[in-house]
Amino acid sequence: MRNLIVAEARSWIGTPYHNCADIKGVGVDCGMLLVRVFVDLQLVAPFDPRPYTHDWHLHRGEERYLQSLLAHARRIDSPLPGDVMLFRVGRCYSHGGIVAQSDPLTIIHASFPAKIVLEEAVMRNAQMRERAAEAIFASIIGKNA
């Protein structure tokens with residue numbers, strides 16, 4: 001299952017970043033990338049967290065992204081491929097990606113600065129490296145176990 005999650009996430013690489021979009025090859029943001037991967041693999045029942053503004057996390061303290069993730073996943077300490085990594089950006093957790101490999105820690109995410117879905121090592125990205133200590137990991141796999 002983990003390989004399927006990573007493969008599905010990788011199939012989105014190259015998709016342009018577009019807030020609130022969820023169409024492969026056309027546009028997606030980091031939250032909708034997670035929704036599409038897990039819903040399309042039928043690991044999570046369909047749901048839609050939209051609408052939200054691009055900068056919602058700068059003006060609010062409520063943990064919408066984290067709460068939405070934890071409604072479908074369980075927190076974990078050590079991520080494996082196919083798990084989720086969430087970063088605090090602004091006032092709350094508001095950026096996430098799918099772990100592609102654990103060592104070195106690499107995620108697939110829709111990057112606003114890069115304007116595209118890409119796979120990159122966390123420690124090679126200055127912004128992610130700065131936020132890694134506060135990151136949260138969660139797994140859809142075994143949520144109900």
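Using r as the Cβ-Cβ distance of LEU70 and GLN42, and R0 as 22 Å, what FRET efficiency do you calculate, to the nearest 0.05?
Numbers: r = 20 Å, r/R0 = 0.90.
The value I calculate is 0.65.
Please compute the modelled spin-label separation between GLU62 and GLU134, points set 7 Å along Cα→Cβ, answer in nm with one decimal.
Result: 2.0 nm between the two label points.
Could you work out the relative contact order of the chain? I mean the mean sequence separation of Cα pairs under 8 Å and 6+ apart, divided by the number of residues, in percent.
Numbers: 270 pairs, mean separation 39.0, N = 145.
Value for the chain: 27 percent.
Can you pull the semi-axes for the chain, root of five times each eigenvalue of the Cα gyration tensor, sorted largest first, whole Å? It would help to have the intermediate numbers written out before the result.
Working: eigenvalues 70, 60, 56 Å².
Working through the eigenvalues yields semi-axes of 19, 17, 17 Å.
Do the sum for the chain: with -39,500 (n - 2.57) for every DSSP H run of n ≥ 4, divided by all residues, what is the mean residue ellipticity at 222 nm, to the nearest 500 deg cm²/dmol? Could you put the intermediate results ahead of the total?
Details: 5 runs with 37 residues, N = 145.
For the chain, the value works out to -6500 deg cm²/dmol.
Based on the alpha carbon coordinates of segment 59-145, what radius of gyration and maximum Cα-Cα distance (Dmax) apply, in Å?
12.5, 37
Readers should treat all values here as calculations from the given coordinates under stated rules, not as data from a laboratory. Computed from a predicted structure; not experimentally measured. When we count neighbours, we look across all protein chains shown, and the Cβ atoms used for this are built from the backbone with ideal geometry, even at glycine.
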